[in-house]
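Taking it in order: structure first as structure tokens, then the write-up.
The values are calculated or read from the model by the stated rules, or taken from the named source; none is laboratory data. Here the structure is a predicted model, which is why all the values come from computation and not from measurement. Quick reminder, even Gly has a Cβ in these numbers, built from the backbone with ideal geometry, and neighbours come from all protein chains shown.
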Amino acid sequence: MTIAVENPLRAGSRLENMPQPATLVIFGATGDLMKRKLVPALYNLSIDGYLPPNSQIVGFARREWSDEYFRSEMCEGVQEHSRRPFDPAVWEGFAPRLHYLRSEFDNAEGYDQLRTMLDRFDKENGTGGSRLFYLSTPPSYYPVIVERLGEAGLSGRNIAKESGYTRIIIEKPFGHDLESARALNDHLHQVFAEEQIYRIDHYLGKETVQNILVLRFANGIFEPIWNRHYIDHVQITNAESIGIEGRGRFYEESGALRDMVQSHILQLLNLVAMEPPVAFDATPVRDEKVKLLRSIRPIRGNLVPEQVVRGQYGGGVAAGKDVTPYHEEENVSSESTTETYVAMKLFIDNFRWQGVPFYLRTGKALTKRVTEIAIQFKQPPLSIFGSEASRDMEPNVLALRIQPDEGISLKMQVKAPGTGIHIRPVKMEFRYGGSFGIEPPEAYERLLLDCMLGDSTLFTRSDEVETAWSLVTDILQAWSKMPPPNFPNYEAGSWGPRDADRLLYRDNREWRWP
Amino acid sequence: MQVNEGTYEGLTWEGKYVEIADIERELDRLWCEALAVAEEHQMPVRSSVLNLVVHTSSDADAEQLYETVGRLSSRHPLRAIILSVEPHHQEPSLHTTMRVRCSEDPNTGSKVCCEQVLVEANGEPAKHLRGVVLPLLIPDLPRYLWWMGEPEYDSATFESLITAADKFILDSNSFRPSPATLREALHMSKVSGRVCAVNDVNWIRLWRWLEAVAQLFDDSALHLHLAGIERVRVEYAARPGREASPAQAALLAGWLFSRLGPKPSASVELVPVEAPRVFQGGVVSFEMQTRRASETATFEVSADKEGEASAAVARVRVNGEARSERPVMVAPRTDAEAFDIALEDCQRDISYEEALEIAAQILERETAQ
């Protein structure tokens with residue numbers, strides 16, 4: 001934060017950065033995200049003392065709810081979804097800070113009422129003009145909300161720093177292709193400055209995702225071998241065992257490429273492949289991420305069928321549960337060509353990664369729920385132990401498990417006990433749950449706190465969003481020109497379409513079974 | 001993580017000598033027992049990220065110590081060696097008890113277990129603890145020494161333990177520190193030519209106050225007032241009839257001046273006041289008066305003495321007129337949280353060391369008056 005440098009009392013001090021009191025306005029507060037994630041996160045921040053006293057929370061939405069009903073719904077959300085057990089005494093102090101404002105998102109009067117409310121909190125509660133707007137609505141409402149905030153004089157764009165801050169958090173998706181992402185950014189920039197905008201991808205709030213950078217840049221042993229000379233290839237897997245579970249309307253408009261690859265998967269790729277930033281601060285980290293995205297070789301035209309595989313699940317059993325075929329889900333066309341699975345091979349054209357393939361896959365209704373990054377190292381140039389002894393020899397694999405059972409494992413070769421030489425692979429495993437009893441904060445806790453503190457390191461910048469969309473849009477355009485795929489092409493509960501296996505077989509490699 | 005404690009206890013020795021190899025062997029046996037009784041899906045994981053040596057006097061309650069250390073170990077899996085010592089006891093004895101303590105994650109049922117070794121030493125053995133402690137430390141893991149109560153810097157026990165420590169933890173609120181005691185803590189960072197980090201949980205409890213005072217100057221227009229500090233007054237809680245440690249108040253003032261450079265003419269007052277909701281020795285209010293040319297200003301952070309101890313108000317007045325007033329959070333970390341933070345890393349906290357140096361000077365000046 002800028003103030004950390006300017007304030008002589010902060011220089012060199014190890015202080016607990018505490019946010020200043022503020023009012024959080026959550027648009028779309030009657031939705032699922034508020035109840036499942038946001039209000040439990042705010043409740044836990046409050047318990048930890050990170051939500052300053054007298055900070056206020058305003059739910060802004062269209063339903064005819066009262067303050068009281070809003071509080072009772074949020075209470076239910078905390079009881080069901082908070083990582084800490086519900087404490088009635090804590091809730092008693094927290095609930096009066098929740099307020100509800102009913103309005104259509106395009107109704108200017110609602111924003112006038114909001115302004116009056118915010119001014120009142122500034123006077124009565126000492127929120128000091130600091131406001132955080134959170135857009136938790138369907139993306140189609142983003143432009144109008146932003147516009148109305150600007151018209152109501154709530155953008156805080158040219159307000160002096162000592163009069164508090166105004167920031168806006170936007171949930172993904174940030175557009176549905178490159179053009180719409182640019183249009184959304186243009187729209188936002190007409191009202192808010194880029195440094196006021198916090199595009200949230202909750203994956204970056206996960207401890208294990210942040211740990212990728214720590215593992216790479218805080219351990220001297222990895223960086224020297226983290227390159228084309230020692231790494232054979234990298235696999236990134238993000239698998240869900242459940243199907244779309246009733247979200248047909250949303251999924252028909254997005255699909256796995258837009259929903260997962262453009263955001264989460266490219267974020268993981270970025271953290272595992274980016275160059276070291278000069279500091280763990282917003283600008284250097286985001287600069288390096290954009291640099292990496294720009295180094296990814298675009299997949300266009302005829303290369304798409306060679307390097308990208310799409311799939312859609314049919315019926316089956318995944319993780320012990322019957323799964324309805326995708327095209328039989330509610331609000332899904334029986335002839336839908338929406339992909340629920342994507343696998344692809346990418347190359348990064350820079351000095352570090354030239355020639356190293358990155359295999360990415362993500363899908364619904366797969367064998368199990370798992371997210372991991374596996375770095376497979378090259379084999380030794382020669383086995384001195386003879387072919388019989390080396391029969392079971394496998395390459396070293398460093399696997400970073402993001403979820404579940406967060407941890408790191410390293411596969412290495414050892415001599416099996418016995419009189420002769422027989423080499424067997426073993427796994428050295430570190431599990432977060434086993435080494436740290438502490439329960440990490442939920443991703444939304446970390447990200448909300450960072451935003452209140454003005455630290456945008458874990459949020460996505462406009463050029464990063466647009467570069468990611470540019471890569472994905474090339475593939476979407478190629479798909480639109482190809483004949484319709486023969487869907488469904490994988491059984492629920494499997495590891496995806498056969499073509500995805502062939503993608504690696506062609507390179508004499510195979511997918512891991514994570 | 002919820003802690004469902006499972007204790008596997010079954011080993012005590014009494015006598016003058018303890019075979020270290022026996023301790024390790026018995027620890028392994030305890031682990032085997034723990035594994036044998038575990039459900040298949042709840043196999044305990046033997047894990048340690050640090051060694052913690054706790055020194056306490058022999059009158060401390062062993063069960064309470066187990067409990068305190070156990071709470072820490074649920075967040076920082078560790079091997080704890082708890083030393084309960086009485087070097088002047090007539091009857092020499094050395095008594096060792098071991099426990100394996102498991103914390104269970106209620107979501108997954110997985111158990112993380114760690115070891116606690118209690119060494120009760122009386123008489124002569126208490127003077128030779130180095131030989132017991134050092135072989136029990138797990139190699140390649142950081143070594144923390146937590147000295148409960150006032151450190152006995154001149155004792156042979158202290159000398160032998162500090163030379164093996166990567167970090168020395170004390171609580172300056174648990175005794176009334178003299179300036180010399182505080183200064184001595186600083187010297188620990190240069191023990192035997194090694195770097196040993198020093199940390200004071202009383203300093204960690206103070207962090208939110210430091211943040212509240214720092215926030216007063218996030219407005220850069222007010223920075224110039226820092227050059228004209230005339231008076232600083234820090235109030236700290238003291239129960240009637242009980243002497244409270246002024247250490248936290250001194251550390252707050254010490255931190256302020258360590259950030260800004262010395263202000264020889266500024267007066268510093270550390271004032272005990274009644275504040276029933278604030279812990280004994282805890283800071284209750286901070287007030288600073290400044291004069292710069294014709295401008296005077298007052299900067300204040302003041303807790304509610306009677307009400308909620310976590311709530312405070314930060315006020316700035318320039319030339320008698322209110323410039324800002326807003327609520328701030330000063331709730332101190334609980335003891336458990338403060339110790340958790342102290343165990344997070346072995347790094348020196350330079351801002352603490354600098355604050356401590358000036359805090360000692362302030363206390364020296366107070367004593368002289």
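Residue by residue through region B:318-333, note down the ones that are closer than 30 Å to B:VAL198 by Cα and either more than 12 Å from every other protein chain (Cβ to nearest Cβ) or in contact with an Asp or Glu (Cβ under 9 Å, 6 or more places away or on another chain) (or both). B:VAL328, B:MET329, B:VAL330, B:ALA331, B:ARG333, listed by residue number. Under the condition of being in contact with a strand residue (DSSP E or B) (Cβ under 9 Å, 6 or more places away or on another chain), within 14 Å of another protein chain (Cβ to nearest Cβ) and small (Gly, Ala, Ser), the residues counted in region A:152-202 number 1.
On the stretch given as region A:116-151, residues that are touching a Ser or Thr at 6+ places or on another chain (Cβ under 7 Å), assigned to a helix (DSSP H, G or I) and within 14 Å of chain B (Cβ to nearest Cβ) total 1.
Counting residues in region A:125-142 that are of a type in the set (A, V, I, L, M) and assigned by TED's automatic domain parsing to the domain that holds A:ASP106 gives one or more. Inside region B:218-234, residues that are out of contact with any strand residue (DSSP E or B) (no Cβ under 8 Å at 6 or more places or on another chain) and under 15 Å from B:ARG317 (Cβ atoms) make up a count of 1. Evaluation of A:SER82 against the conditions (1) in contact with a helix residue (DSSP H, G or I) (Cβ under 8 Å, 6 or more places away or on another chain); (2) within 14 Å of chain B (Cβ to nearest Cβ); (3) crowded, with 22+ Cβ neighbours inside 10 Å; (4) not charged (D, E, K, R) shows that the sole unmet condition is (3).
Checking every residue in region A:47-69 against the condition of being farther than 22 Å from A:ARG446 by Cβ, among the basic types (Lys, Arg), out of contact with any Leu (no Cβ under 6 Å at 6 or more places or on another chain) and touching a residue at least 24 places away in the same chain (Cβ under 8 Å) gives at least one match. Among the residues of region B:225-256, those identified as under 25 Å from the mean Cα position of the chain (by Cα), assigned to a strand (DSSP E or B) and under 17 Å from B:THR290 (Cα atoms) are B:ARG233, B:VAL234.
I'd like to check something: does region A:306-325 contain any residue that is modelled with pLDDT of 95 or more and aliphatic (A, V, I, L, M)? Yes, that holds for at least one residue.
Scanning region A:116-135 for residues that are surrounded by fewer than 14 Cβ atoms within 10 Å (Cβ to Cβ) and modelled with pLDDT of 90 or more returns A:THR116, A:ASP119, A:ARG120.
Taken together, A:GLY28, A:GLY77 contain a single residue that is of a type outside the set (Lys, Arg) and at positive phi, which is A:GLY28. Taking the criterion of being out of contact with any Asp or Glu (no Cβ under 7 Å at 6 or more places or on another chain) and among the small types (Gly, Ala, Ser), the residues of region B:268-286 that qualify are B:ALA275, B:GLY281, B:GLY282. So how many residues does region A:158-173 have that are of a type in the set (Ser, Thr, Tyr) and buried (at least 16 other Cβ atoms within 10 Å of the Cβ)? Adding up the residues that qualify gives 2.
The residue of region B:257-270 that is surrounded by the fewest Cβ atoms within 10 Å (Cβ to Cβ), among those that are out of contact with any Lys or Arg (no Cβ under 7 Å at 6 or more places or on another chain) and not in a helix (DSSP H, G or I), is B:PRO264.
Of all residues in region B:338-369, those being closer than 12 Å to B:TRP203 by Cβ and basic (Lys, Arg) number 0.
Within region A:6-34, restricting attention to residues that are more than 14 Å from every other protein chain (Cβ to nearest Cβ) and crowded, with 19+ Cβ neighbours inside 10 Å, the residue that is nearest to A:ARG84 (Cα to Cα) is A:MET34.
Tallying residues that are within 14 Å of A:LYS345 (Cα to Cα) and surrounded by 18 or more Cβ atoms within 10 Å (Cβ to Cβ) within region A:267-306 yields 4.
Residues in region B:72-94 that are among the charged types (D, E, K, R) and modelled with pLDDT of 80 or more: B:ARG79, B:GLU86, B:GLU91. Note on region A:174-253: enclosed helices (runs of 4 or more DSSP H) holding 1 or more residues that are crowded, with 19+ Cβ neighbours inside 10 Å and in the same structural domain as A:ARG431 (by TED's automatic domain parsing) are A:207-217, A:248-253.
Out of B:GLU91, B:GLU86, B:GLU67, B:GLU104, one residue alone is in contact with a Lys or Arg (Cβ under 7 Å, 6 or more places away or on another chain) and among the charged types (D, E, K, R). It is B:GLU104. Annotation: of all residues in region B:210-256 being among the polar types (S, T, N, Q) and either touching a residue at least 12 places away in the same chain (Cβ under 8 Å) or on the phi > 0 side of the Ramachandran plot (or both), the one that is surrounded by the most Cβ atoms within 10 Å (Cβ to Cβ) is B:GLN248.
Conditions tested, residue by residue: (1) of a type in the set (Gly, Ala, Ser); (2) surrounded by fewer than 20 Cβ atoms within 10 Å (Cβ to Cβ); (3) in the same structural domain as A:ILE242 (by TED's automatic domain parsing); (4) out of contact with any strand residue (DSSP E or B) (no Cβ under 7 Å at 6 or more places or on another chain).
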{"position": "A:VAL414", "(1), (2), (3), (4)": "no, yes, yes, no"}
{"position": "A:ILE421", "(1), (2), (3), (4)": "no, yes, yes, no"}
{"position": "A:GLU429", "(1), (2), (3), (4)": "no, yes, yes, no"}
{"position": "A:GLU445", "(1), (2), (3), (4)": "no, no, no, yes"}
{"position": "A:LEU453", "(1), (2), (3), (4)": "no, yes, no, yes"}
{"position": "A:ALA500", "(1), (2), (3), (4)": "yes, no, yes, no"}
{"position": "A:ARG512", "(1), (2), (3), (4)": "no, yes, no, no"}
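Among the residues of region A:380-393, are any surrounded by 13 or more Cβ atoms within 10 Å (Cβ to Cβ), under 22 Å from the mean Cα position of the chain (by Cα) and outside any strand (DSSP E or B)? Within region A:380-393, not a single residue is surrounded by 13 or more Cβ atoms within 10 Å (Cβ to Cβ), under 22 Å from the mean Cα position of the chain (by Cα) and outside any strand (DSSP E or B).
Just name the residue that is farthest from B:ARG29 (Cα to Cα) out of those in region B:95-115 that are of a type in the set (Gly, Ala, Ser) and modelled with pLDDT under 70. So the residue we want is B:GLY109.
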